[in-house]
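J.: I have a structure here, written as structure tokens, and I will follow up with some questions on it.
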Amino acid sequence: MSKSSDNSTRTPDEHFIREFTQAQRPLYLFILPLTGNPTDADEVLQETNLVVWAKWNQFQSGTNFLAWARAIARLEVFRFRRTKKTKGAINDEGLLSQIAERAEVLSDQTDARQRALTMCMERLRPRDRELIQMRYAAGQNGDRVAKQLGRPANSVYQSLSRIRRTLTECVQHRLSESGGVS
């Protein structure tokens with residue numbers, strides 16, 4: 001079947017699908033404080049996804065996908081709250097807008113910190129990076145890592161403290177260089 005210029009027969013491209021997929025967690029974290037509970041946040045995220053997918057051809061490539069999707073999510077939260085009238089929920093749209101704006105800022109700050117941390121982790125010496133990865137693997141703690149490495153626990157804790165300080169300074173430096181949060 002040949003592609004038509006009619007948008008109803010076209011499907012989202014790979015770039016859109018990648019952006020859509022990567023936005024799921026940040027969107028959920030944006031929606032959660034606006035709904036007040038995980039079940040409602042899941043429901044609003046599903047509705048948001050349906051709208052985003054239906055309007056995929058309105059997204060302008062090269063613009064901020066997450067900002068576009070958050071704008072849709074915000075409207076879906078308002079629609080959800082109007083129809084649900086959840087007991088004890090905040091129904092003041094002005095207050096909800098303020099919360100949404102704050103959630104967006106916090107999400108952007110978290111993203112910037114995560115990017116900076118990733119870059120700083122890459123700059124660590126290989127054995128320091130390995131020690132951090134061992135320590136923060138599921139189910140691990142400093143004592144277990146020390147036992148695995150055959151090192152005194154105090155030595156491992158001192159090394160971890162030094163590496164954390166290095167990472168903290170690196171992240172703060174990167175954020176101040178990029179004009180992000182510190």
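The values are calculated or read from the model by the stated rules, or taken from the named source; none is laboratory data. Please read all numbers here as calculations on a predicted model, not as lab measurements. Reconstructed Cβ throughout: ideal geometry from the backbone, glycine too, with neighbour counts over all protein chains shown.
J.: Given the condition part of a helix (DSSP H, G or I), buried (at least 17 other Cβ atoms within 10 Å of the Cβ) and at pLDDT below 90, answer yes or no: does some residue in the range 90-97 qualify?
T.: Restricting attention to the range 90-97, the residues satisfying the condition of being part of a helix (DSSP H, G or I) are 93-97.
Next, from what is left, pick out any that are buried (at least 17 other Cβ atoms within 10 Å of the Cβ): 96.
From what is left, the residues that are at pLDDT below 90 are 96.
Yes: one or more hits.
J.: Pairs please, first residue from the range 142-162 and touching a residue at least 60 places away in the same chain (Cβ under 8 Å), second anywhere and surrounded by 15 or more Cβ atoms within 10 Å (Cβ to Cβ), Cβ atoms under 8 Å, 6+ apart in sequence or on different chains.
T.: Final answer for the pair search is none.
J.: Within the bounds of the range 144-167, is there any residue that is surrounded by 13 or more Cβ atoms within 10 Å (Cβ to Cβ) and within 21 Å of the chain's Cα centre (by Cα)?
T.: Yes; the residues of the range 144-167 include at least one that is surrounded by 13 or more Cβ atoms within 10 Å (Cβ to Cβ) and within 21 Å of the chain's Cα centre (by Cα).
J.: Right, something else. Among the residues of the range 59-78, is there at least one that is more than 21 Å from the chain's Cα centre (by Cα), at pLDDT 85 or above and assigned to a loop (DSSP other than H, G, I, E, B)?
T.: yes
J.: Are any residues in the range 23-47 modelled with pLDDT of 90 or more, surrounded by fewer than 18 Cβ atoms within 10 Å (Cβ to Cβ) and over 16 Å from residue 70 (Cβ atoms), and if so, which ones?
T.: Passing the criteria: 38, 39, 42, 43.
J.: For the range 106-140, which residues satisfy the criterion of being surrounded by 14 or more Cβ atoms within 10 Å (Cβ to Cβ), at pLDDT 90 or above and either touching a Pro at 6+ places or on another chain (Cβ under 8 Å) or not aliphatic (A, V, I, L, M) (or both)?
T.: Of everything in the range 106-140, those that are surrounded by 14 or more Cβ atoms within 10 Å (Cβ to Cβ), at pLDDT 90 or above and either touching a Pro at 6+ places or on another chain (Cβ under 8 Å) or not aliphatic (A, V, I, L, M) (or both) turn out to be 120, 128, 129, 135.
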